[in-house]
Amino acid sequence: MELEKKDRLMLINQYLILEKLDPDPDNANKYKYYQGILKHGFESEYSAFLSDIDDGLSKEDCQKVQAFLNLYRFIKNSFDALDDKGEITEEQIRFKGFDGTYESLHLAFARHLINEKEYCSELRQGQEDSDLNSHCTMLDYYTRMFELWCKWNHPGKMTAKQIEELVTPSATTPSS
């Protein structure tokens with residue numbers, strides 16, 4: 001990455017302000033170190049202060065996360081409206097999140113939506129302290145669930161049988 005002198009100057013000033021404001025001496029030293037890198041234009045060292053910045057999640061992937069959250073909202077609302085829930089449990093319909101290792105940007109966006117924007121915040125119910133880290137990959141599972149739901153023409157209210165079919169892993173696992 002290249003930075004023009006004016007960009008470097010702005011960042012140097014930002015890090016100078018942070019150095020002065022942060023009471024933690026370790027952080028102050030880090031900000032001073034970044035200022036040196038920027039002052040001298042050591043491009044190979046820019047990663048030192050960019051390492052905490054993610055590459056980003058595409059608009060398409062953001063829309064997928066929102067679609068998955070909406071699907072779980074429909075599942076929860078449908079479940080809550082059922083008189084006879086059959087064999088379905090609250091745990092089965094709980095949104096489990098995304099894997100923190102392999103789906104970290106999806107996880108970060110879901111956290112942002114649910115915890116900061118309070119979008120689909122009802123999915124937090126009963127798990128307020130959950131960090132939404134599923135500790136296993138979920139994208140393929142959610143995609144198969146979503147595709148099945150789309151085949152049904154996006155029902156807003158689902159039957160117990162439909163919910164069970166969506167949340168049962170074997171139902172959303174591709175056939176061999």
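Here are a few things to note about the model shown:
- Looking only at residues of region 41-58 that are of a type in the set (A, V, I, L, M) and either more than 24 Å from the chain's Cα centre (by Cα) or within 18 Å of residue 11 (Cβ to Cβ) (or both), we find that the one that is surrounded by the fewest Cβ atoms within 10 Å (Cβ to Cβ) is 53.
- Considering region 36-95, the qualifying helices (runs of 4 or more DSSP H), each wholly inside and each with 1 or more residues that are charged (D, E, K, R), run over 59-81, 90-93.
- Scanning region 109-141 for residues that are modelled with pLDDT under 85 and part of a loop (DSSP other than H, G, I, E, B) gives 125, 126, 127, 128, 129, 130.
- Within region 19-35, being surrounded by 13 or more Cβ atoms within 10 Å (Cβ to Cβ) and of a type outside the set (Asp, Glu) holds for 27, 28, 30, 31, 32, 33, 34, 35.
- Scanning region 89-112 for residues that are surrounded by 19 or more Cβ atoms within 10 Å (Cβ to Cβ) and not acidic (Asp, Glu) yields 93, 95, 97, 98, 106, 107, 109, 110.
- Members of region 19-52 that are under 28 Å from residue 105 (Cα atoms), touching a residue at least 12 places away in the same chain (Cβ under 8 Å) and among the small types (Gly, Ala, Ser): 48
- Restricting 84, 61, 80 to those that are of a type in the set (Asp, Glu), modelled with pLDDT of 95 or more and surrounded by fewer than 17 Cβ atoms within 10 Å (Cβ to Cβ) reduces the list to 61.
The values are calculated or read from the model by the stated rules, or taken from the named source; none is laboratory data. What you see is a predicted model, and the numbers here were worked out from it, not measured in a lab. Positions of Cβ are backbone-derived with ideal geometry, glycine not excepted, and every protein chain shown enters the neighbour counts.
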